[in-house]
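Undergrad: Here it is: the structure, laid out below.
Derivation of every value follows stated rules applied to the coordinates shown; laboratory data play no part. This structure is a prediction, so every number in the text was calculated from the model and none was measured. Note that we place each Cβ from the backbone using ideal geometry, even for glycine, and neighbour counts take in every protein chain shown.
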Amino acid sequence: MGRLEGKVALISGGASGMGSAHARAMVAEGAKVVLGDIADEAGKALAAELGDSAHFVHLDVTHSADWRAAVEAAVTRFGKLNVLVNNAGMVNGGPLGAFAESDWNQVLAVNLTGPFLGMSAAIDELKRSAPASIINVSSIAGLQGMAGLHGYTSSKFGLRGLTKSTALELARTGVRVNSVHPGGVRTAMTAAFPDSAATAPMGRWGLVEEVTGIVLHLASDESSYTTGAEYAVDGGESAGVVHNLGEHLD
């Protein structure tokens with residue numbers, strides 16, 4: 001049996017990138033997966049690739065009606081919902097004075113309001129199917145500031161806080177809530193950056209599979225005593241500076 005045998009998961013932003021990697025791994029571990037995304041063609045193609053264990057729904061995470069429909073699709077098609085992965089996200093940025101209010105509102109809507117709407121829509125079914133797990137994909141920007149990425153950083157810090165408040169609220173319901181904080185990971189979004197641009201102390205970009213491994217752990221019953229926690233998958237970048245000042249001290 002796979003690590004997720006009998007589990008049903010809903011993944012936002014599941015059509016490509018990290019979301020699609022999570023979906024493939026979950027199906028390989030025995031789960032049924034609902035892929036939610038605004039990229040309809042890519043989502044339908046991935047669902048076809050994964051076969052009867054996957055289903056695609058159009059999901060704009062800023063629309064509560066889309067979330068309700070996605071949860072209903074999971075229950076109708078697979079009978080329940082055990083796992084919610086709030087993976088959909090976006091990034092924009094600009095210096096103070098030039099960063100538009102509309103851009104600020106957009107990144108907060110997708111990265112913070114989206115997960116709130118998802119949890120709100122899914123909570124009754126998650127409780128009904130407990131033990132259940134909510135996995136909020138934040139960022140290293142939810143652990144430390146990033147100059148020029150004011151909206152993105154605020155949204156990811158906010159998601160980190162939302163994870164903790166909901167984890168406390170749901171702790172005795174059988175629904176666990178944790179956050180994952182990737183650093184620089186090789187996806188289509190970072191393909192234009194050279195290997196030398198990696199800023200992690202480990203000296204390289206992360207692999208999508210390295211994030212997926214944490215997501216699988218949190219989705220499974222292996223993490224049954226873990227809630228309200230944050231998992232940095234960043235090659236040590238959030239641990240602190242790498243300058244060795246000690247070598248200059250006698």
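Undergrad: Kindly write out, for region 101-115 in residue order, the coupling ³J(HN,Hα) from the Karplus curve 6.51 cos²θ - 1.76 cosθ + 1.60 (θ = phi - 60°), rounded to whole Hz, with x marking Gly and Pro.
TA: Using θ = phi - 60°, the values come out as 4, 5, 5, 4, 5, 5, 5, 5, 5, 6, 7, 10, 5, x, x Hz.
Undergrad: I'd like the Kirkwood hydrodynamic radius of the chain, using the inverse of the mean 1/r over distinct C-alpha pairs, in Å.
TA: 18.4 Å
Undergrad: Under 5 Å between amide hydrogens, which residues at least 5 positions from Val33 or on another chain qualify, with H placed 1.01 Å from N in the peptide plane?
TA: Ala9, Ala54, His55
Undergrad: What ³J(HN,Hα) values, in whole Hz, does the Karplus curve 6.51 cos²θ - 1.76 cosθ + 1.60 give for region 62-71 when θ = phi - 60°, with x put for Gly and Pro?
TA: Coupling constants for region 62-71: 8, 10, 4, 5, 4, 4, 4, 5, 5, 5 Hz.
Undergrad: Report the extension gain between Arg128 and Ala65 in nm, rounded to one decimal, defined as 0.36 nm multiplied by the number of residues separating them, less their alpha carbon distance.
TA: Here the segment from Arg128 to Ala65 would lengthen by 20.6 nm.
Undergrad: Name the long-range amide H neighbours of Tyr231: under 5 Å, sequence gap of 5 or more, or other chain; modelled H, no Pro or chain starts.
TA: Amide H to amide H, under 5 Å and 5 or more residues apart or across chains, Tyr231 pairs with Ser179, Val180, His181.
Undergrad: Still on this structure, please answer the following. Which ³J(HN,Hα) values in Hz, rounded to whole numbers, follow from the phi angles of region 134-139 under the Karplus curve 6.51 cos²θ - 1.76 cosθ + 1.60, where θ = phi - 60° and Gly and Pro get x?
TA: Taking θ as phi minus 60°, the curve returns 10, 10, 9, 8, 8, 5 Hz for region 134-139.
Undergrad: If the limit is 23 Å between Cα atoms, which of Lys127/Lys164; Lys44/Lys164; Lys44/Lys80; Lys32/Lys127; Lys32/Lys164 go over it?
TA: Checking Cα-Cα distances, Lys44/Lys164; Lys32/Lys164 exceed 23 Å.
Undergrad: Just add up the charged neighbours of Val57: K/R +1, D/E -1, any other residue whose Cβ is under 12 Å from the Cβ of Val57.
TA: -2
Undergrad: Amide H to amide H, which residues 5 or more places from Val185 or on other chains are under 5 Å from it, using H placed in the peptide plane?
TA: Under 5 Å from the amide H of Val185 lie the amide H atoms of Gly206, each far enough along the sequence or on another chain.
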